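Here's the structure, in structure tokens; my notes come after.
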Amino acid sequence: MVSFDNKSYSKKLLHLISWGHWFTFFNILAAIGFSSFYLFNESMPETLFGQAYLFTTWISHIAFLTFISFVLLLFPLTLVFPHTKFIRTSGSIIFTVGLLLLVLDAFIYNRLGYHLNASSSSQIIDLITEQINENATTFYLVSAILAVVILAFQLVISNFAWKHLMQLQKTVFARVVVLFLVVSFFFSHLSHIWADANLDYDILQQDTMLPLSYPATAKTLLTKYGLFNLTDYLERKTSPLAFTSTIPDYPVIAPKECKGMISTNDVEQVSTFLVLTDKQLGVEQLKQFQQRSSTASMLLEQHIDTGLNSDSWFNFFYSLPSIYQEEILSQKPSPVLFQAVKQLNLATSFTTVSSSTKLNSEMVDQEQPWYHALFEQHNDLENISTILFANNLNAMSPGLHVFYFSSNDAQSEESQYHFELFVDALLLAQKQKKQKDYIWVSSMSNLNEDTRLSTKPALFAYPTSQPTKADEITYLTSHMDLQPTLMKNWLNCFTPVQDYAAGDDLLTLTKDRVIANTTAKGMMVFNKDKSVFIDQNGNFQSYSRQLEAPITVNADFPLMIDGVHYIKQFSDTSGKQ
């Protein structure tokens, strides 16, 4: 009796395992069909060898992932609980979920450029939420239909494989298909090993295409997205990041495009004051300033400024990553904010406050920085005695006024004292004005490269119907957000932000973003959890606040891709117009 039961159990188990193989085989064919969506997101390789690799790696990789799903999920379940109805039902559910995840992953790859992963969960959730908000009915209807169709397919092939198992085992075509998949698997892997050794870009650029596969180096990915020169890549050279395609022209506001942006006499008296210092500010210091504000204010605790000298000013005024600087400045257009200010006949001034008289005298003979040409009036002051009183501040012509406090090691404390005194005076002077001004307080630029990945808090005060409103913003912000904020809220100009900037309006910011910028040595990417620097060789570094120095970290390619999208959004948007 025991022997009979053992034989019956073994026969039943072998029957279920054999059914599982055929059930998985049909799902491999289905998965290959669904995964063809990945191919539409990539350009066709130029060489025949690259095209052969594309086809073989596509079908073999998807087949491998499907078969591994059977080995890791359905096969152990069959051994533990070999009941026919349970295993067939479980198999149908497992592969239905698997194919749905494959479709979802293909959609995410199409929109974001990377696959499902934990590190980019917030971006993925935001994308799905956006689709639901755009048309919830369509989203849920398509999802439900797709799920029902896939589940019905699973039930059909499950029943077919079970009833025709004997006939299927006698067929030859399946063996040919499996053999071809195995050969393709080894061919694609050997081809990739060769391509990696010989730097065959036609093959290596395909590494990000399929799920659970990422590029061997960050440099391959940067080359693929047009931020690294292909010739230098093939010759294993290190060169600065630069666009390999033409950068679109910077926009110019038409003469009547911003007509009517300012419509009342009251609004015409509103100015914007940008108070900047070359020393990093602290959160507690800005909180004290915030307490003196008579208008609504935002303390930007996670503010980012990655630039050095000219780069930081370019990010600040043009709201674009530094990689655009050389080309945009050669076109010689003013930032759209200055174009709008000029059309509205508002004043612009740049005041440098430095306790070093020697520095001020030398600047007369030196070539002025490019951003000085943006302003009508320039002032060089040794102290703030002439601009400290409320009457003087409130009597300034309506417009955009920049006050930059520059210091050196010898006058650092004195300069910071003047800076704090001036900010206090400016904020207190607002209490005498009926129409409040926009006030921005922050540091400008980095003293050295080691501090680029650290945050630099800033303060933004703005007129509103809720003057006592004081927010502490923990979302990531950057200098590139200022121009869009002023264009929309100060000048009431609703030119689409993506047409001229990489930043966003601070007053409508409701979620965390990935923010990125470039340097001559690589790119920096920030999200709510970490900041990373990717150098020209594809090495990843982060910044330790405890050590106050860069540290090596593991590669995070999804975060890097998000950073590339942020950097390229102006060129991609403007290039389509």
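A few remarks follow.
- Sole exception among (1) of a type in the set (D, E); (2) over 16 Å from R292 (Cβ atoms); (3) at pLDDT 90 or above for E420, by number: (2)
- Conditions (1) under 22 Å from S245 (Cα atoms); (2) modelled with pLDDT of 80 or more; (3) touching a helix residue (DSSP H, G or I) at 6+ places or on another chain (Cβ under 6 Å); number of the one not met by Q483: (1)
Residue by residue, here is whether (1) free of Cβ contacts under 8 Å to residues at least 60 places away in the same chain; (2) closer than 30 Å to M560 by Cα; (3) assigned by the TED database to the domain that holds K12 holds:
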position	(1), (2), (3)
F67	yes, no, yes
L77	yes, no, yes
F86	yes, no, yes
S90	yes, no, yes
N117	no, yes, yes
I124	yes, yes, yes
Q167	yes, no, yes
T171	yes, no, yes
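- Count of the stretch 289-307 residues which are in a strand (DSSP E or B) and open to solvent by 20 Å² or more (accessible area, probe 1.4 Å): 2
- Filtering the stretch 476-510 to residues that are assigned to a helix (DSSP H, G or I), closer than 20 Å to P463 by Cβ and open to solvent by 10 Å² or more (accessible area, probe 1.4 Å) leaves K488, N489, L507, T508.
- Checking S443 against (1) modelled with pLDDT under 90; (2) within 25 Å of P457 (Cβ to Cβ); (3) in contact with an Asp or Glu (Cβ under 7 Å, 6 or more places away or on another chain), the condition it does not meet: (1)
- Filtered residues of the stretch 445-466 (kept if assigned to a loop (DSSP other than H, G, I, E, B) and open to solvent by 30 Å² or more (accessible area, probe 1.4 Å)): L447, N448, P463, T464, S465, Q466
- Filtering the stretch 107-160 to residues that are surrounded by fewer than 14 Cβ atoms within 10 Å (Cβ to Cβ) and outside any helix (DSSP H, G or I) leaves A118, N135.
- Residue match in the stretch 1-17 (condition: of a type in the set (G, A, S), assigned to a helix (DSSP H, G or I) and at pLDDT 95 or above): no
- Counting the residues of the stretch 384-423 that are outside any helix (DSSP H, G or I), surrounded by 16 or more Cβ atoms within 10 Å (Cβ to Cβ) and among the polar types (S, T, N, Q) gives 3.
- Yes/no for F160 being out of contact with any helix residue (DSSP H, G or I) (no Cβ under 7 Å at 6 or more places or on another chain) and in the same structural domain as L14 (by the TED database): yes
- Restricting attention to the stretch 182-204, the residues being in contact (Cβ under 8 Å) with a residue 60 or more places away in the chain and either acidic (D, E) or open to solvent by less than 30 Å² (accessible area, probe 1.4 Å) (or both) number 7.
- Cβ pairs under 9 Å, 6+ apart, first in the stretch 440-462 and in contact (Cβ under 8 Å) with a residue 24 or more places away in the chain, second of a type in the set (K, R) and not in a loop (DSSP other than H, G, I, E, B): L459/K287
- Going through (1) within 25 Å of the chain's Cα centre (by Cα); (2) at pLDDT 95 or above one by one, R111 falls short only on (2).
The values are calculated or read from the model by the stated rules, or taken from the named source; none is laboratory data. It should be emphasised that the depicted structure is a prediction, and the values quoted were computed from it without experimental measurement. Heads up, the Cβs are rebuilt from the backbone with ideal geometry, glycines too, and the neighbour counts pull from every protein chain shown. Quick note on the areas: whole protein, heavy atoms, side chains included, nothing else; ligands and nucleic acids left out. Shrake-Rupley method; radii C 1.70, N 1.55, O 1.52, S 1.80 Å.
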